[in-house]
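What follows is a single structure, written as structure tokens, with notes after it.
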Amino acid sequence: MATKHRTDRPPTAPDNPLLRGVAITPISFVRAIAVALQQRGMEPHPALQAAQITPDRLRQADGRVTAAQFETLSAAAMQQLDDEALGWFSRPLPWGSYGMLARASLSAPTLGVALKRWCRHHGLLTRDVVLSLQTTGDEARIVLTEHRPPGGDGSLREFCHVSLLRNVHGLACWLVDSRIPLRGASFGFPAPAHTDAYRVLFDGPARFAAEQTGIRFDARYLTLPVARDESAMTQMLQRALPLQVRPYRRDRLLVQQVRQLLLARPRDTRCAGDLAALLNTSARSLHRQLREEGATLQSLKDEVRRQRAIDLLQRTSRPVKQIAEAAGFRSEKSFIRAFSAWTGVPPGEWRARHGS
């Protein structure tokens, strides 16, 4: 009779959910969690084993793990430590602490109010680091001020800074159900060996050895209304860790950005390709994202052109041909045809009725 041979080896990558995808997360973050466990007198092996991270991988200077492995490791270590901060702070943050912060921000009318509330309440959990929302001109910043650096070999400090910024950025995107592209991120520590990973961790340029740790983004996102409810919050908290790495395709500020570019630069935005270039995207992506927001480029063009044309017809005595050009039309004939479709009358007749 044939004998079946038992094997304890993990399944190969195509069959193993933990090993699927590109391994991007630096092994130094894994070591930081191991250090946190050891500092509390705990053995890191169970959490590492749950994530199928071998001792050999842990010793690799340039090793990487997949997002699924790191999520599994973090969840196991949080439970083992009963500390959602994974050893960053002088006292543990019991399981549910960050969920409490998120729930406290849910009733805010706008993202700006929600983030201010989240930062203020985080200060009630620990004073080791303080997070604040700052606005200067058209730019918003979430700044991390450190009062007591995490102990260990430096990897725990880097992991703390990166995780906190990813946490609050991920929550912000989730609250308004929108991608919030970063203009940049800065870190108050020297550039690590794995700086290439920061291009994935943060979608803006990263600067190291900076005076402050923080992220920067367009301040207009702060005016977006919070789009989630209690039911969505409950579902999100059941698997909150992937929130830090979830890619949002939609951008709820995109319609406003397109409208403003069409208003400010009519001659440079006559075709989708030119407009997409100004937004650092492709024409195909621009059309897709606008559809996700329930808009089309043509409808936005019509809205802006109509607004500009009516304003010029009403306030000025400029000839129709000049108004057509100012409104972004290539010819007076196409302008008259479009204006008649919008208002039911040609521009000259509209001016006679409504002009000053």
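FYI, it's all coordinate maths here, none of it is from the lab. Computed from a prediction, not measured in an experiment: that's the story for all the values here. All Cβ positions, glycine included, derive from the backbone under ideal geometry; neighbour counts span all protein chains shown.
What's the extension gain from ARG267 to ARG199 if we count 0.36 nm per residue and subtract their Cα-Cα distance?
Gain on extension, ARG267 to ARG199, equals 21.1 nm.
Report, to one decimal in Å, the Kirkwood hydrodynamic radius for segment 254-354 based on all distinct Cα pairs.
Here the Kirkwood hydrodynamic radius works out to 14.1 Å.
For GLU292 and VAL22 in one chain, what is 0.36 nm times their gap in residues minus the Cα-Cα distance, to one decimal in nm?
Answer, rounded to one decimal: 94.4 nm.
In nm, give the distance between the simple-model label positions of ARG337 and SER90, each being 7 Å from the Cα along the Cα-to-Cβ direction.
Between ARG337 and SER90, the simple spin-label model gives 7.4 nm.
Quote the Stokes-Einstein diffusion coefficient, in whole µm² s⁻¹, for segment 33-75, based on the Kirkwood radius over alpha carbon pairs, a temperature of 4 °C and a viscosity of 1.567 mPa s.
Using the Kirkwood radius from Cα pairs, D works out to 122 µm²/s.
With θ set to phi - 60° and the Karplus curve 6.51 cos²θ - 1.76 cosθ + 1.60, what are the ³J(HN,Hα) couplings of segment 300-309 in order, to the nearest whole Hz, using x for Gly and Pro?
5, 4, 4, 4, 5, 5, 4, 4, 5, 5
Give me the mean projected area, in nm² to one decimal, of the convex hull enclosing the Cα positions of segment 34-112.
6.9 nm²
With charges set only on the Cβ (+1 for Lys and Arg, -1 for Asp and Glu), what does the dipole of the chain come to about its Cα centre, in debye to the nearest 20? Before the final figure, lay out each step's value.
On the way: 50 positive and 33 negative charges, 269 e Å.
My answer is approximately 1300 debye.
Using only Cα atoms, tell me the angle between helix 27-39 and the longest principal axis of the chain; keep it within 0 to 90° and round to the nearest 10.
It is inclined by approximately 50 degrees.
Putting +1 on Lys and Arg Cβ atoms and -1 on Asp and Glu Cβ atoms, find which of LEU73, LEU86, LEU224 reaches farthest to the positive end of the dipole of the chain.
LEU224
If I model segment 150-291 as equal point scatterers sitting on the Cα atoms and use the Debye formula, what is log10 I(q)/I(0) at q = 0.12 Å⁻¹?
Relative scattering, expressed as log10 I(q)/I(0), comes to -0.61.
Quick check for me: using +1 on Lys/Arg Cβ and -1 on Asp/Glu Cβ, what's the dipole size of segment 88-244 about its Cα centre, in debye to the nearest 20?
260 debye
Around MET42, which amide H atoms from residues at least 5 apart in sequence, or from another chain, sit under 5 Å from its own amide H, with H modelled in the peptide plane?
Answer set, sorted by chain and number: none.
Kirkwood hydrodynamic radius, the chain, all distinct C-alpha pairs: what's the number in Å?
This gives a value of 23.6 Å.
What whole-number distance in Å separates the alpha-carbon centres of segment 48-91 and segment 331-356?
That distance is 66 Å.
On a 0 to 90° scale, report how tilted helix 67-81 is relative to the longest principal axis of the chain, with both axes built from alpha carbons and the result rounded to the nearest 10.
Tilt relative to the chain: about 60 degrees.
Which one of LEU125, GLY21, ALA47 has its Cα pushed farthest toward the positive end of the charge dipole of the chain, where Lys and Arg give +1 and Asp and Glu give -1 at the Cβ?
GLY21
Based on the mean of other Cβ atoms within 10 Å per residue, sort peptides 54-61, 276-283 so the most packed one is first.
Listed from highest to lowest mean packing, they are 276-283, 54-61.
Report the calculated FRET efficiency for ARG330 and ARG306 (r = Cβ-Cβ distance, R0 = 22 Å), to the nearest 0.05.
E between ARG330 and ARG306, to the nearest 0.05, is 0.85.
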